[in-house]
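Just so you know, all these numbers are worked out from the coordinates, no wet-lab data involved. If you're wondering where the values come from, they're calculated on a predicted model, not measured in any experiment. Ideal geometry is used to build each Cβ from the backbone, glycine not excepted, and the neighbour counts take in all protein chains shown.
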Amino acid sequence: MSFTVAIDGPAAAGKGTISKAVSAHFGFAHLDTGLLYRAVGAKVAEGQDPFRAAEGLVPEDLQRSDLRTLGAGQAASRVAALPTVRVALVDFQRRFAESPEGAVLDGRDIGTVICPRAQVKLFVTASPEVRAHRRWLEVGGDEAQVLAEVIERDERDMNRTDAPLRPAPDAHLLDTSDLSIEDAIAQAIALIEAKRG
Ligand code: CDP
Ligand code: CDP
């Protein structure tokens, strides 16, 4: 049986950082599912139909250099509210979760919708101010504007009807507001070790 780790949480909570470290530590495959929505958002911004963009996604679409901007995050969150887009991306994510070496997927609905039977579920959070500061260190610009965008995107993600951002009932909450990256990673690894036996 495959071993799946689901890591969800709001923007810039540290999901990707923890996921990469966990996949390197355990030899798991890693899928950043936010990248799928960012790639669909970019195609829709270029005029494509959202469902076709999601259904026709190819690996090269995930290599685009313009997917990490704040604008790409907003475009992702708008298309992510469309049920047709979400449905088109389910099978790929579930197949990935079955990777024989084990898999870690990070996103918003991995523990609730994509992999409800994941062996380990983490919900990574931090205060909006801490998260916005971290994102601002990456993208620069006006920090107040970054905070406003982070809050706007979280609200859209939490309030959509389909697969809203929320912890699964059996998720471990990991608040990284006052944790160093090293400590956050160590806590995640310890939780997974405990479940693996
Ligand atoms: O994937 P997600 O958007 O949740 O966040 P990330 O890309 O892993 O982390 C966002 C930024 O916060 C990165 O620059 C991390 O290095 C930083 N970070 C941090 O300063 N402290 C942590 N405990 C986790 C991440
Ligand atoms: O790295 P960060 O947390 O800022 O964003 P991301 O994980 O790349 O996700 C970008 C957007 O895609 C989110 O704001 C969500 O609207 C959407 N998303 C989603 O709906 N479901 C997922 N499993 C992953 C991302």
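Site pair LYS20 and ALA186 shows an inter-label distance of 2.1 nm when each label is modelled 7 Å from Cα along Cα→Cβ. When the trypsin sites (Lys or Arg not before Pro) in the stretch 16-85 are filtered for DSSP coil states and for at most 10 other beta-carbon atoms within 10 Å of their beta-carbon, no site remains.
Give me the compactness ratio for the stretch 10-148, meaning the Cα radius of gyration over 2.2 N^0.38 Å. Intermediate values should be presented prior to the final figure.
Values: Rg = 15.2 Å, N = 139, 2.2 N^0.38 = 14.3 Å.
Here the Cα radius of gyration is 1.06 times the empirical estimate.
By how many nm would the segment from ASP178 to ALA148 lengthen if fully extended, with 0.36 nm per residue of separation less the alpha-carbon distance?
Additional length available on full extension: 8.7 nm.
Label-to-label distance for ASP91 and GLN119 is 2.7 nm, based on points extended 7 Å past Cα in the beta-carbon direction.
In this structure, the amide hydrogen of VAL104, modeled 1.01 Å from its nitrogen in the peptide plane, lies closer than 5 angstrom to those of VAL5, ALA29, HIS30, LEU31, counting only residues at least 5 positions away or on a different chain.
For GLU98 and ARG52, calculate 0.36 nm times their separation in residues minus their Cα-Cα distance, and state this gained length in nm to one decimal. Each step should come with its number before you reach the end.
Details: separation 46, 0.36 × 46 = 16.56 nm, distance 2.52 nm.
Residue separation times 0.36 nm, minus the Cα-Cα distance, leaves 14.0 nm.
What does the extension gain come out to for GLU138 and THR84, with contour length at 0.36 nm per residue minus their alpha carbon separation?
16.3 nm
Percent of C-alpha pairs per 10 Å bin in the stretch 49-128, short distances first: 14, 44, 37, 6.
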